[in-house]
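K.L.:
Here it is, the structure, as structure tokens.
Values in this text are rule-based calculations from the coordinates and carry no lab data. All values reported here derive from a predicted model rather than from experimental measurement. Using ideal geometry, Cβ is built from the backbone for each residue, glycine included, and neighbour counts are taken over all protein chains shown.
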Amino acid sequence: MTSRQRRGPAFLFDLDGTLVDSVYQHVLAWREALEQGGIELAVWRIHRRIGMSGGLFLDGLARETGRRLTPEDVARIQKAHAVAFKRQVSQVRPLPGAAELLAYLSQAGVPWAVATSGWLESARPLLEMLGVPAEAPVVTRDQVEHAKPDPDLFLAAAERLKVAAEDSVVVGDSVWDLLAARRARALGVGLLSGGYGQDELERGGAYRVYQDPADLSRHLDEVGVRLSGG
């Protein structure tokens, strides 16, 4: 294909649970950090909020427990989570087909970016294990005012690609990704690889739901990518 041909929409990818199998490592890291802060919660309650910004995540959990967190508490728990997650990183693996999907899109001339609610410190080793090129647009929590479910991350990623968010496909594994996609006026595609069910993702606004990046790769034509010979 020539660079002047339109291959399809731009893709804006979430990271945790979408490209790398890291959701449960984050859950365990958050549990450890919360327990250090005197908050004990079942892991399923923590899992339901993975994908939100850390601040909103802690606000929601504080509301459930009735515990009021000061800004100092929030900062301390977030730092403890980062330290705990760093110990878990060696257990994280790319999700099936993730690296191959990114490579295929690049080869086909389809623009893509990564937009994650995680901070750069936590995201960097995950991007490295995926083999994300240094020149690939990556937007982390450090670079925007608000994370998911606000649309800031995806809007910033689209801007980095010099495309309109409305002409983009957001790929995520959580309802928070899909809510942010709707607020950015982008098309949402859900993956089951983060632990949310298909019905939840569809209610969140997913146009299509696939198992993981490998499954999405087999159905790119359904989300507007013009395949070779198509």
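K.L.:
Let me know the volume per residue of the alpha-carbon convex hull for segment 24-91, in Å³. Walk me through the numbers before you get to the answer.
P.N.:
Working: hull volume 5.0 nm³, N = 68.
Considering the Cα atoms of segment 24-91, their hull volume per residue is 73 Å³.
K.L.:
Given (i) 34, 19, 15; (ii) 25, 21, 16; (iii) 31, 17, 16 as candidate values of semi-axes √(5λ) of the Cα gyration tensor in Å, which corresponds to the one derived from the coordinates?
P.N.:
(iii)
K.L.:
If packing is taken as the average number of other Cβ atoms within 10 Å across a peptide's residues, how do 41-52, 186-197 rank, most packed first?
P.N.:
Output ranking for 41-52, 186-197: 186-197, 41-52.
K.L.:
Just for the chain, what percent of DSSP beta bridges are antiparallel, to the closest 5? Walk me through the intermediate numbers first.
P.N.:
Details: 1 of 20 bridges.
Taking every DSSP beta bridge within the chain, about 5 percent pair in antiparallel fashion.
K.L.:
Then there's this: Most exposed first by the Cβ proxy, i.e. fewest other Cβ within 10 Å, how do 34, 69 rank?
P.N.:
With the sparsest Cβ surroundings first, the list reads 69, 34.
K.L.:
Then there's this: Taking one equal scatterer on every alpha-carbon of segment 119-228, how large is log10 of I(q)/I(0) by Debye at q = 0.16, 0.18, 0.22 1/Å?
P.N.:
One equal scatterer on each Cα of segment 119-228 leads to -0.78, -1.00, -1.40.
K.L.:
I would also like to ask the following. Just report the Cα centroid separation between segment 22-77 and segment 79-129, whole Å.
P.N.:
Each part's Cα centre sits 22 Å from the other's.
K.L.:
I've got another one for you. Starting from 0.36 nm per residue, how many nanometres of slack lie between residue 107 and residue 121 once their C-alpha separation is accounted for?
P.N.:
On the way: separation 14, 0.36 × 14 = 5.04 nm, distance 2.84 nm.
Extra length available between residue 107 and residue 121 comes to 2.2 nm.
K.L.:
Also: How many nm is it between the label spots at residue 227 and residue 134, if each spot is 7 Å from the Cα in line with the beta carbon?
P.N.:
So the two model labels end up 3.5 nm from each other.
K.L.:
Where does the chain land at 222 nm, in deg cm²/dmol rounded to the nearest 500, when only DSSP H runs of n ≥ 4 count, each adding -39500 (n - 2.57), divided by all residues?
P.N.:
Working: 10 runs with 102 residues, N = 230.
The helix contribution divided over the chain gives -13000 deg cm²/dmol.
K.L.:
Starting from the Cα of residue 76, step 7 Å along the direction of its Cβ; do the same at residue 163; then give the gap between the two resulting points in nm.
P.N.:
In this crude label model, residue 76 to residue 163 measures out at 4.5 nm.
K.L.:
Can you give me the distance in nm between label points at residue 83 and residue 142, each placed 7 Å from the Cα along the Cα-to-Cβ direction?
P.N.:
Taking the two extended label points, one gets 2.0 nm.
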